[in-house]
Amino acid sequence: MVSVLTATRRVFNPLRRNHNEASASASNAVADTADSDDTALVADLIDALGADRVRADSAARYLASHDASIYREGNAGPICFPESTEHVVACVEAAVRHGRAISPRGAGTGLAGGAAPLGRPVVVSTTRMNKLLSVDVENGIAWVQPGIVNLDLSRALAPHGVHFAPDPSSQSVCTIGGNVANNSGGPHCLAYGVTSAHVLAIEAVLSDASVVTLGDLTAEPAGYDLRGAFVGSEGMCGVATAVAVRLTPNPPAVRTMMLAFQDVSHAASTVSAIIAAGIVPAAIEMMDQRCVAAVEDFAQAGYPKDAAAVLLVEVDGPAGGVAIAGEKIAEIAEANQAATVRTAADEDERARLWKGRKSAFGAVANVMPDYYLHDTVVPRTKLVEVLERIYEIVDRHDLIVLNVFHAGDGNLHPLLAYDSRVPGVRERVHAAGREIIELSLDMGGALTGEHGIGVEKRDYMNRMFSAVDLQQQGLLRSSFDPYCRMNPGKVLPSSHSCSDISALRASDAAGVWG
Amino acid sequence: MTDHEAAYDAALQEFAAEVGPDGPVCVRGGATRWALGGEPTSDTREVNAPAGVVAFEPAEMTVRVRAGTTVSELHQQLAGAGQRTALPEREGGTVGGALMVGESSIARLGRGAVRESLLQACYVCADGQIASGGAATVKNVSGFDLCRLLVGSLGTLGLLGEALLRTFPIPESERWVQLRGADPAATKACDTAASVLWDGSDMWVLLSGYEPDVQEDMNRLRDCSDASAPPELPSHRWICTPAEAVAFGDYATSVGVDLSGRNGSSGRFVAEIGVGVVHASVPQPQRIVASGVVELNRRFKQRFDPSGRLNPGRDPLKKT
């Protein structure tokens, strides 16, 4: 249906001619090598948004064609930089008129190709929608625009003694809109929950250019939990234009502990024992020997370099409980043969311990030039067995793995470090990655804990879900977006995606599909 | 039968067979909130969801339980390992009912919302097939979030057969205290308040945590006295924002309900401070919902249940 309407408009719409004429001057600065097929669309977008909010040159399109994953098949159409909800509506309207899909984009820090546009869609970048709109202390929320950076938000909230709880490793650059799209987590989600627990309402532009507010500030919004269904939908249900985030009070007391072990299995059994003892720390992070060594060289966090594994455990809350839980954790660690049990003496030491964890991915650069970061979840009681089998898989493929992950919730992040100049290494990296994913599922786990499915794991969805399950997920998506215009080609394997995608593909002369 | 289908146990498969592929059908749980969102039409066939705890893993802090199990029975089993869920306990109320109704317990401040409890759902779709959403892990973002969609849906999108729920440790110390003539803001300084109830003059607070912290909060609250239980709650449950709950009289007036004009207990209310739920003796007028949201609700229902056979007559937009 979409392509038929588009074809009609392309032939008969008198406005198109005007736009073509207008574009000759307006798009000069921005569209040096714009695909000729995009000319009318670009002109239309410039008409609606202004020339300084539209880019269609090859450099801009190249940058918007991928995210932080190794996926390189993305192909962006014009990139829009809206500054208001009305601008986003105009972007969607123009895309609809020209029969094009829409791909929302935050900071592009995603690791699963979710923001890699497929089929040359109109890319809606939220980077200029980065304002903190209001802080409503009485209702415990703040309204923000989607392009606000996660850490900037928490810094802006600091004077109120509150913060936004999800803290992904990319928090100094990633945006709240991206967090909503990916249902992002982070170390402190163990106790506080992932993004969906911290979003109360979302204003979104849907694929028919209508604006709707999903959820509200009440305890239980009327009707289906549309806000809950939207969070984590990887840009496939609409473009978020404003988000009401929950304000989490800063904890009155915090204790950060570094536990080092001579054996990975002792670290893993410590994790299980802490949880089994009825303690829910704010975070339990684990790093294995290779990771500890790389991080220590890079960040001087104070980890013992000879340790087989280091646990970073943080408890927070009222002071009395923090002291009790801290002591219990130390006892558990010692009972599990910890070589070092150290409690950060002050804020400086605490910051240093966390700096090590948070710079782990940067530290890999000292080990190998390239890395592929995985993200799967396993039952936390199976950590020891899964880690042993990951080492076995990686050895067999003659690769190097660094493990740095959210041990408290069983969320693994095996990081395969390699040098892409070595012939055949990429194939080995992919083969090992495949085995790690399948191992995680075989152990009763999940494909992804926080990075999302995107294009990276789209074709594994059949492995985790039945045809009926995927059909149900497809219904959720198509209820929001019956036209399948929003970020098409992601998450669901092609047999469960909308039929419109093939129409889009046909209309996409130079499109490259993943 | 595919591998995925074979993975469902006999109880689930029998439930799916009972639901079948056609005809209006609904599940009767404890019927504690039977009329919420409308009663099923008279031609609707009632079925029962299977019952029983399938697997409890204290070290995972999860429990797999069949929808027909009562919440009290579930909590009794979990208490053996010092854990529980966020689901509210109502006399005879079932796990499936609590999830499909989606109303939080009065201790939501401390235990979280019901919608955050459901990690994996196995349910019977409108065509009679079994589907599953979510994962058997505490963290998961694999695909679209069907669990969130199902909680509070009143069984209008699918009939829940089995759930994997998040559990959490029961704090070492829990006690209700009462303050007379208190300002709702007084509890802001409390770190361990898991529930704050206010009837316009008196306040009841559930302190919940490690004993020293609970003691500390009791010192902060000064004139509080031990209360054996929370106050009796008026029968109608209003939904509003936390700010509206604190100024409940004004809020009620703004939607056309005059509480001050009523005599004695008829104007009574108990507000959940910090949450936005108020228990009042008169019903809340129908909430106004934007047309775009109504349209989306219609689309979801139409897609998930094209023939309208699941809980016909019920509408989650009309819960109050």
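The values are calculated or read from the model by the stated rules, or taken from the named source; none is laboratory data. In this text, all values refer to a predicted model and were calculated from it rather than measured experimentally. Glycine also receives a Cβ, built like all others from the backbone with ideal geometry; neighbour counts cover every protein chain displayed.
Here B:Arg237 passes the criteria (1) within 26 Å of the chain's Cα centre (by Cα); (2) in a helix (DSSP H, G or I); (3) buried (at least 20 other Cβ atoms within 10 Å of the Cβ); (4) within 14 Å of another protein chain (Cβ to nearest Cβ) except the one numbered (2). In this structure, B:Ser142 qualifies as of a type in the set (S, T, N, Q) and crowded, with 24+ Cβ neighbours inside 10 Å. From the list A:Ala209, A:Ala197, A:Ala229, exactly one residue is assigned to a helix (DSSP H, G or I) and surrounded by fewer than 23 Cβ atoms within 10 Å (Cβ to Cβ). Which is it? One residue alone meets the criteria, A:Ala197.
Reported count of residues in segment A:463-514, each being modelled with pLDDT of 65 or more, over 16 Å from A:Cys237 (Cα atoms) and surrounded by fewer than 21 Cβ atoms within 10 Å (Cβ to Cβ), is 7.
Checking the stated criteria, A:Ser440 turns out to be within 14 Å of A:Val377 (Cα to Cα), assigned to a helix (DSSP H, G or I) and of a type in the set (S, T, N, Q). One residue stands out among those in segment A:234-251 that are in a strand (DSSP E or B) and not small (Gly, Ala, Ser): the one that is farthest from A:Phe480 (Cα to Cα), which is A:Pro249. If you check B:Gly274 against the conditions, is it under 23 Å from the mean Cα position of the chain (by Cα), outside any strand (DSSP E or B) and on the phi > 0 side of the Ramachandran plot? Here the answer is yes, as B:Gly274 does meet what is asked. Taking segment A:411-437 as the range and being without any contact (Cβ under 8 Å) to a residue 40 or more places away in the chain and within 19 Å of A:Pro379 (Cβ to Cβ) as the test, only A:Leu412 passes. State all residues of segment B:176-198 that are within 28 Å of B:Ser281 (Cβ to Cβ) and surrounded by fewer than 18 Cβ atoms within 10 Å (Cβ to Cβ); if no residue qualifies, say none. Listed by number, the residues that qualify are B:Arg180, B:Gly181, B:Asp183, B:Ala185, B:Lys188.
A:Ala467 passes every criterion in (1) farther than 30 Å from A:Ile284 by Cβ; (2) in contact with a Leu (Cβ under 7 Å, 6 or more places away or on another chain) apart from (2).
Each residue in segment A:372-426 was checked for being in contact with a helix residue (DSSP H, G or I) (Cβ under 8 Å, 6 or more places away or on another chain), within 14 Å of chain B (Cβ to nearest Cβ) and under 13 Å from A:Ser440 (Cβ atoms), and 9 of them qualify. Residues in segment A:441-477 that are touching a Gly at 6+ places or on another chain (Cβ under 9 Å) and more than 8 Å from chain B (Cβ to nearest Cβ) were compared, and the one that is nearest to A:Phe230 (Cα to Cα) is A:Gly454. Just wondering, is there one or more residues in segment A:218-233 that are more than 10 Å from chain B (Cβ to nearest Cβ) and of a type in the set (Ser, Thr, Tyr)? No; the residues of segment A:218-233 include none that is more than 10 Å from chain B (Cβ to nearest Cβ) and of a type in the set (Ser, Thr, Tyr).
On the stretch given as segment A:119-140, residues that are buried (at least 24 other Cβ atoms within 10 Å of the Cβ) and either within 14 Å of chain B (Cβ to nearest Cβ) or in contact with a Phe, Trp or Tyr (Cβ under 6 Å, 6 or more places away or on another chain) (or both) total 1. Within segment A:403-436, the only residue that satisfies the criterion of being aromatic (Phe, Trp, Tyr) and crowded, with 23+ Cβ neighbours inside 10 Å is A:Phe405. Taken over segment B:108-125, the criterion of being buried (at least 22 other Cβ atoms within 10 Å of the Cβ) and part of a loop (DSSP other than H, G, I, E, B) is satisfied by B:Ser117, B:Cys125.
Take the residues of segment B:126-146 that are of a type in the set (A, V, I, L, M, F, W, C) and under 16 Å from B:Ala7 (Cβ atoms): which is farthest from the other protein chains (Cβ to nearest Cβ)? Selected residue: B:Ile130.
Working only within segment A:196-209, note down all residues that are free of Cβ contacts under 8 Å to residues at least 60 places away in the same chain and within 9 Å of chain B (Cβ to nearest Cβ). Selection gives A:Ser196, A:Ala197. Selection of strands (runs of 3 or more DSSP E) fully inside segment B:1-91 by the criterion of at least 2 residues being free of Cβ contacts under 8 Å to residues at least 40 places away in the same chain and within 13 Å of chain A (Cβ to nearest Cβ) returns B:53-57.
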